[in-house]
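**Student:** One structure, pasted below without further comment.
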Amino acid sequence: QVQLVESGGGLVQPGGSLRLSCAASGSIYSINDMGWYRQAPGKQRELVASIASGGNTNYADSVKGRFTISRDNPKNTVYLQMNSLKPEDTAVYYCNAHIRIRIRSPPQDYWGQGTQVTVSS
């Protein structure tokens, strides 16, 4: 069984910063891409940022220059540093990882439980 556990959400004022963490644990052979998605009320879930196992990153246009994704491969952990936060960043943020649980098994999608980020004065 594989689990993704997120932490670091909360309430922050506009212009502030938060750092999200997501640790994968359980029966893991390897992890390919890891990423963060978010879902605001009444909206579809959208990709915020992703990072490949080799370090290549991808960002939504709305967060470029403000958010930074990184990962610690030995710890199976992905981070999202969020700076210059805006009210429109308010959402539930979900961690995602493509995980191979055995050497010959295909990678599967796993999701965290979500963490609330609220940007408000």
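**Student:** Calculate one ³J(HN,Hα) per residue across region 31-38 by plugging θ = phi - 60° into the Karplus curve 6.51 cos²θ - 1.76 cosθ + 1.60, and present them in order as whole Hz with x for glycine and proline.
**Tutor:** In residue order, the calculated couplings are 10, 8, 5, 10, x, 10, 10, 9 Hz.
**Student:** Using only the alpha-carbon atoms, what does region 44-121 span along each of its principal axes? Please give whole angstrom values in decreasing order.
**Tutor:** Extents along the principal axes, in whole Å: 49, 23, 22.
**Student:** Related question: With +1 assigned to the C-beta of every Lys and Arg and -1 to the C-beta of every Asp and Glu, and no other charges, what is the dipole magnitude of the chain about the Cα centre in debye, to the nearest 20? Please list the in-between numbers first.
**Tutor:** On the way: 12 positive and 8 negative charges, 43 e Å.
That gives a dipole near 200 debye.
**Student:** Run the reach check for K75 against aspartates and glutamates, Cα to Cα strictly under 20 Å, same-chain hits fewer than 8 apart removed. What comes back?
**Tutor:** Reachable aspartates and glutamates: E6, D33, D109.
**Student:** Please work out the average accessible area per residue across the chain, using the 1.4 Å probe convention, and give it in Å².
**Tutor:** For the chain, the per-residue accessible area is 54 Å².
**Student:** Considering only DSSP beta bridges with both partners in the chain, what is the antiparallel share in %, to the nearest 5?
**Tutor:** Details: 41 of 44 bridges.
Here the antiparallel bridges make up roughly 95 percent for the chain.
**Student:** At 1.4 Å probe size, with the rest of the protein present, what percent of the exposed accessible area of region 14-121 is carbon and sulfur atoms?
**Tutor:** Details: 2580 of 5710 Å².
Taking all protein chains in place, region 14-121 shows 45 percent carbon and sulfur surface.
**Student:** Would you work out the Kirkwood radius for region 1-101? I mean one over the mean of 1/r across all pairs of different Cα atoms, in Å. The partial results should precede the final answer.
**Tutor:** Numbers: mean 1/r = 0.0721 Å⁻¹.
It works out to 13.9 Å.
**Student:** When the Karplus curve 6.51 cos²θ - 1.76 cosθ + 1.60 is applied with θ = phi - 60°, which whole-Hz ³J(HN,Hα) does each residue of region 102-107 get, with x for Gly and Pro?
**Tutor:** Values per residue, Gly and Pro as x: 9, 4, 9, 8, x, x Hz.
**Student:** Scan around G16 for amide H atoms under 5 Å from its own, H built in the peptide plane at 1.01 Å from N, and keep only partners 5 or more places away or cross-chain.
**Tutor:** For G16, whose amide H was placed from the backbone, the distant partners under 5 Å are L85.
**Student:** Can you run phi through the Karplus equation (6.51, -1.76, 1.60; θ = phi - 60°) for region 41-53 and list ³J(HN,Hα) in whole Hz, with x for Gly and Pro?
**Tutor:** x, x, 10, 6, 5, 10, 6, 9, 7, 9, 9, 7, 4
The values are calculated or read from the model by the stated rules, or taken from the named source; none is laboratory data. Just so you know, these numbers come straight off a predicted model, no measurement behind them. Positions of Cβ are backbone-derived with ideal geometry, glycine not excepted, and every protein chain shown enters the neighbour counts. When the accessible area is computed, the model is the full protein with side chains, heavy atoms only, and any ligands, DNA or RNA have been set aside. Shrake-Rupley method; radii C 1.70, N 1.55, O 1.52, S 1.80 Å.
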